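Following: one structure in structure tokens, then a few remarks.
Bear in mind that the values in this text are calculations on the coordinates, not laboratory data. Here the structure is a predicted model, which is why all the values come from computation and not from measurement. Backbone-built Cβ (ideal geometry, glycine too); neighbour counts: all protein chains shown.
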Amino acid sequence: MLGLLALLTASVFFGAAIYINVAEQPARLGLDDRAALAEWGPAYRRGFEMQASLAIVSGLLGASAWWQTGNPLWGLGAAIIILNWPYTLLAIMPVNRRLEATRPEEAGDETRALLVRWGTLHAGRSALGAVAAAIYLVAASRGF
């Protein structure tokens, strides 16, 4: 059961991450620079809370499934979903800080470039979620 919950939470993480990349980010980039920045702030905060929690829960569930079953695939999936934390802190947070420091009235070409960069970096989070979910799926298909 723990493994299936790990798979479920990793899948929800991936779904949310990919939604941001294929729907939210393109819509945001269709706005003018000021509106795009204004939309990014609250959307990022809400998305961070949800995705950060899902990554931790999925990682803990995957690690628990590994401990329970001895199947190392659960541990590998757990490690990959948890990689979202250091990836976010090391790669994405510097861009976030620059965006957060920009006042909407100062938004311009640099802001647009940062938002595009942020979207590209966020695709890495989507990839980590997809890989973790796929590994969990393989682990689940091999039985508990």
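Just add up the charged neighbours of Pro104: K/R +1, D/E -1, any other residue whose Cβ is under 15 Å from the Cβ of Pro104. Display every interim value, and only then the final one.
Numbers: positive: Arg28, Arg34, Arg98, Arg103, Arg112; negative: Asp32, Asp33, Glu39, Glu100, Glu105, Glu106, Asp109, Glu110.
Net of charged neighbours comes to -3.
List the residues whose amide H sits under 5 Å from the amide H of Leu31, counting only those 5 or more places along or on another chain, with H placed 1.01 Å from N in the peptide plane.
none
Around Ala43, under 12 Å between beta carbons, what's the net of Lys plus Arg minus Asp minus Glu among the other residues?
Numbers: positive: Arg28, Arg45, Arg46; negative: Glu24, Glu39, Glu49.
Surrounding charge for Ala43 is 0.
Compute the long axis of helix 72-82 from its Cα atoms, compare it with the longest principal axis of the Cα atoms of the chain, and write down the angle in degrees, 0 to 90, nearest 10.
Tilt of helix 72-82: around 20 degrees.
Would you work out the charge dipole size for the chain about its Cα centre, treating the Cβ of every Lys and Arg as +1 and the Cβ of every Asp and Glu as -1, and quote it to the nearest 20 debye?
380 debye
For the chain, what is the mean residue ellipticity at 222 nm derived from helices alone (per DSSP H run of n ≥ 4: -39500 (n - 2.57); sum divided by total residues; nearest 500 deg cm²/dmol)?
Details: 7 runs with 116 residues, N = 144.
Counting only the DSSP helices, I get -27000 deg cm²/dmol.
If only Cα atoms are counted, what is the Rg of the chain, and what is its Dmax, in Å?
Over the chain's Cα set, Rg and Dmax evaluate to 16.8, 56 Å.
On C-alpha positions alone, give me the angle between the axis of helix 33-69 and the longest principal axis of the chain, in degrees, nearest 10.
So the helix axis and the longest Cα principal axis differ by about 10 degrees.
For region 110-117, in order, what is each residue's ³J(HN,Hα) by Karplus, 6.51 cos²θ - 1.76 cosθ + 1.60 with θ = phi - 60°, in whole Hz (x at glycine and Pro)?
Per-residue couplings from phi come out as 5, 4, 4, 4, 5, 5, 5, 4 Hz.
Of Thr111, Thr9, how do they rank once you tally other Cβ atoms within 10 Å and put the fewest first?
Thr111, Thr9
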